[in-house]
Amino acid sequence: QFLFVVTFTTFLLCCVEYDVLFANRPLNHSHPGGPAPDRSKVTLPDAVLPAPQCAQRIRASGWIIFLLVMAAVFWLYRLVKVLCSLLSYWEIRTFYIKALNIPLERLCNYSWQEVQARLISLQRQQQMCVHKRELTELDIYHRILRFKNYTVAMVNKSLLPVRFRLPLLGSVVFLTQGLKYNLELLLFWGPGSLFQNKWSLRPQCKRAGARQELARRLARAMVLLGLANLLLCPCVLVWQLLYAFFSYAEVIKREPGSLGARRWSLYGRHYLRHFNELNHELQARLSRGYKPATKYMNSFTSPLLTVLAKNVGFFAGSILAVLIVLTVYDEDVLTVQHILTAITLLGLVVTLARSFIPDEHTVWCPEQLLQRVLAHVHYMPDHWQGNASRSETRSEMAQLFQYKAVFILEELLSPILTPLILIFALPARALDIIDFFRNFTVEVVGVGDICSFAQLDIRNHGNPQWLSAGQTEASVYQQAENGKTELSLMHFAITNPRWQPPPQSELFLSQLKEKVQQDAAAAPPAQCILAEGPLGASLLS
C-alpha cells in the first residue's frame, strides 16, 4: 500500500497533462504518416505524458525528490522490520507444531485456553523457564502483556493521556496512534527508555534517590522527541492526508453515512481494558457492547437538527429527482458540464441528511440502555449512575465511543498536535511517571519486572468501595480507580477457571459468589418483572 500510494501520487503530480484531461487545451490528433481517424474525445493515453518527459518533471522538482528519498528510507526500514517479524513468526509456527504438538491444519480450531494448557504442561516436562518449575496462567499473561498492563494502569491513574479544556468543547482527551507510538518509544523500547530490555526496568528507576535526575532526563527526551516529530511533521502529514484520501474517499462516496458510524476510541480501549486482558478478549467484549452503545448514543436527538435535516433532505432530494428523470429521458443531459458532479453531491447531501433523522419508532430509555452497555464494557464513572439522560454523560461517553469522522480528523491532526504535546504538556508529568514506575513495579521470578496492578492483589490495590472493604491496606494512591483491580480479578478468574488465585483474592471471589447467589435468590422472577408494565416488554422485544 505504501509503495502504491507513493508511486501513484508521484504519477498524478508529474505524469498527467491536466489541461488536456480537462479539455482546456485542444489536442492535435494529426499523424505524420497520413490522415488519422477523426477523434472528438480525449482518451486517457492522450493525457499521460511520455516517460522521458515525466522523469524530467520529477528531476526538476527538489521537493518531490526529497519526499521520494524520505519515502524510500521509511520503506526500507519497514521492509527490514517485516523481514524480522517474518523470522519471528516462523519460530512461533515451529514452536506450535513441534513443541506444543498442534498440527498446522488444526491450529485455527484451537482456543487460547487449550494452547495455554499445553504450554503449562510443556513447562512441567521440559522446564523452558529455568527459574521456576511451573508456569501459571497469570505468568503467561504477564509476559505477553507486560507493557500493556503498565499503559492500562497509567490511564487508570489519569497519568496518561493528557486532558485539555477547550472553549465550547469542554474536557477533551487526545490519544492517537502516533502519540501512542511515541509514548511507547519513550517508556518501553526506544533508546534511553525506562526499560533496559524486554523484561527488566533499569536499576536506577527503582531507586528513590535518582527520581529527580531521571525525571529531568525523561523530560529532556520528551522535548527532543517532540522536536524530531516537528521536523518530520510535513512528511508524516502528507502521508496521513494521502492515505486517508485513498482509504476513505471511495467509501464516503458509496456510503456517506459511514462517517456517522461509531467506533471505540483508542483512549476508550485503554480505559475499558482489564489488567491481564488479551487483545482478542478485549475485542470480543467491546464487540458485544457495540450495538448497545450505538443505541444509547443514538437515543440523543436534537429536534432543531432533525427539522433542519428533513428540510435539507427534501430540497436536495427534489432537485436530484428532477435531474435523474431528465437523465432517463435523454442521456445527453449527462454531457452538460458538472451535471454528474451535481448528482453526486446531491446524493451525498440526501444521505447525510437522513443520518440525522432519528427512527420515529425509537423508545427513549437511556438509563436501561446505559445499563446494557455497562453489562459488556464493565466500567462506568460513579457520576453516570442515574444521569444517563444528561448531555454531560453522553459527551463523556463520546470520548470512549467516538464518530469515525472524529477518529479520522484526530489522526490527520496527530502529526501537528503530537509534537506540541510532547514538548509542552508531557514534560510536566515526567516526575509523576518516574514515581509511578518505581512505586508500581515488582519483580516476579521467571517473569521479570511487571506492573504490580497486574498481580490482581486485593490487599495492595483493592478499593474499599467494593466488597474488599476491610480486606485492603491500599492508600488512595495505591488503589486502582473504578474498581479495576476487582473487575480484572473477576474477569481473569472467569476466563481462566483452572487458575488458583492468592488466598486474599480467593476470599474476595468466594464472598462475591455468595453475594450474587443471595441477590439472585431474593430477586423476583423475570415473569413478574415483565408483568409490571409495557416498558419491560418493550425493552426485551
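The values are calculated or read from the model by the stated rules, or taken from the named source; none is laboratory data. On a predicted model such as this, the values are computed, not experimentally measured, just so you know. Please note: Cβ atoms are built from the backbone with ideal geometry, for glycine as well, and neighbour counts cover all protein chains shown. Protein only, heavy atoms only, side chains kept; ligands, DNA and RNA dropped before computing areas. Shrake-Rupley method; radii C 1.70, N 1.55, O 1.52, S 1.80 Å.
Numbers for the structure displayed
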item	result
Over the chain: helical MRE at 222 nm, DSSP H runs n ≥ 4 each giving -39500 (n - 2.57), nearest 500	-18500 deg cm²/dmol
J(HN,Hα) series, segment 238-253, from Karplus relation 6.51 cos²θ - 1.76 cosθ + 1.60, nearest Hz, glycine and proline x	4, 4, 4, 5, 5, 5, 5, 5, 5, 7, 10, 4, 5, 5, 5, 5
Unit charges on C-beta of K, R, D, E only; dipole of segment 456-528, Debye	140 debye
Amide H within-cut-off set for Val48, under 5 Å, with H built and near neighbours excluded	Glu17
Top positive-direction residue, dipole computed over the chain with Cβ charges, set His383, Leu185, Met297	Leu185
Out-of-range pairs (alpha-carbon distance over 31 Å; input Lys206/Lys404; Lys206/Lys484; Lys198/Lys404; Lys157/Lys515; Lys157/Lys206; Lys157/Lys291)	Lys206/Lys404; Lys198/Lys404
Accessible area per residue in Å² at 1.4 Å probe, computed on segment 456-528	57 Å²
Nearest-0.05 FRET efficiency for Trp75 and Trp112, computed from C-beta distance (R0 35 Å)	0.55
Set of lysines near Lys310 by C-alpha distance (under 22 Å), chain-local residues within fewer than 8 positions excluded	Lys253, Lys295
Net charge contributed by nearby residues that have their C-beta within less than 11 Å of Arg269 (K/R +1, D/E -1)	+4
With every protein chain in place, the chain: carbon and sulfur % of accessible area (1.4 Å)	63 percent
Zero-based 10 Å bins, Cα pair distances in the chain, whole percents	3, 12, 20, 23, 19, 13, 7, 3, 1, 0, 0
Potential extension, Val251-Gln518 segment - 0.36 nm per residue separation minus Cα distance	91.0 nm
Rounded to the nearest 20 debye, dipole of the chain from Cβ charges on Lys, Arg, Asp, Glu	1460 debye
Contact order normalised by residue count of segment 456-528, Cα under 8 Å, 6+ apart, percent	30 percent
Prolate/oblate/rounded label for segment 303-356 (Cα gyration tensor, a/c 1.5)	prolate
Approximate spin-label separation Gln471-Leu305, in nm, with each point projected 7 Å along Cα-to-Cβ	4.4 nm
Residues of type lysines that Lys98 reaches as a straight line, Cα spacing below 25 Å, ignoring anything fewer than 8 places off in the same chain	Lys132
Normalised contact order of the chain, rounded percent, pairs of Cα under 8 Å and 6 or more residues apart	18 percent
Alpha carbon centroid spacing (whole Å) that separates segment 359-423 from segment 272-337	18 Å
Label-point separation in nm, Arg124 to Leu348, each point 7 Å along Cα→Cβ	6.3 nm
Ranked by how many other beta carbons lie within 10 Å on average, peptides 414-420, 484-490 from highest	484-490, 414-420
Spacing of the two label points (7 Å from each Cα toward its C-beta) at Trp199 and Leu104, in nm	2.9 nm
